[in-house]
1. Considering only residues that are loosely packed, with under 13 Cβ neighbours inside 10 Å, touching a helix residue (DSSP H, G or I) at 6+ places or on another chain (Cβ under 7 Å) and in a helix (DSSP H, G or I), which ones fall in segment 1-12?
2. Would you say V84 is assigned to a helix (DSSP H, G or I) and either exposed (fewer than 11 other Cβ atoms within 10 Å of the Cβ) or modelled with pLDDT under 90 (or both)?
3. Would you please list the contacts, defined by Cβ atoms under 8 Å and residues six or more apart or on different chains, that run from a residue in segment 52-64 that is free of Cβ contacts under 8 Å to residues at least 24 places away in the same chain and loosely packed, with under 15 Cβ neighbours inside 10 Å to a residue that is among the aromatic types (F, W, Y) and assigned to a helix (DSSP H, G or I)?
4. May I ask you to say which residue of L15, L47, L58 is in a helix (DSSP H, G or I), aliphatic (A, V, I, L, M), touching a Lys or Arg at 6+ places or on another chain (Cβ under 7 Å) and modelled with pLDDT under 95?
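The values are calculated or read from the model by the stated rules, or taken from the named source; none is laboratory data. It should be emphasised that the depicted structure is a prediction, and the values quoted were computed from it without experimental measurement. All Cβ positions, glycine included, derive from the backbone under ideal geometry; neighbour counts span all protein chains shown.
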Amino acid sequence: MTNMKEYKDKTAGDLTKLMAEKREQIRGFRFGSTGSKIKNVKLGRTLRKDIARIMTELSIRVRKESGKIKESVNIQTKEVKSKVRR
């Protein structure tokens, strides 16, 4: 499992390739789990989370380029989370 910081340093092409690799890994995990070849049952969950992190980073970049989002994305999301919790 990797952090969002590691994804911010990579290019969009690298992220797309990495996402394709993760999707192949999760496909192998699904087919391997039917024959009970998989020992690490958390692998599927971590792969799904990594794919979601990559997709989030790609969508943030697209939104930044189109001007729909400001540079302070983290501050805005924290404010939204704090409003939802109240």
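1. As a first pass, look at segment 1-12 and keep what is loosely packed, with under 13 Cβ neighbours inside 10 Å: 1-6, 8-9, 11-12.
After this cut, where a residue has to be touching a helix residue (DSSP H, G or I) at 6+ places or on another chain (Cβ under 7 Å) as well, the list is 1-2, 4, 8, 12.
Hits for segment 1-12 are M4, K8, A12.
2. On the way: assigned to a helix (DSSP H, G or I): yes; either exposed (fewer than 11 other Cβ atoms within 10 Å of the Cβ) or modelled with pLDDT under 90 (or both): yes.
Criteria met by V84.
3. Once the first residue is free of Cβ contacts under 8 Å to residues at least 24 places away in the same chain and loosely packed, with under 15 Cβ neighbours inside 10 Å and sits in segment 52-64, no partner that is among the aromatic types (F, W, Y) and assigned to a helix (DSSP H, G or I) comes close enough.
4. Values: L15 fails: touching a Lys or Arg at 6+ places or on another chain (Cβ under 7 Å); L58 fails: touching a Lys or Arg at 6+ places or on another chain (Cβ under 7 Å).
Criteria check complete, one pass: L47.
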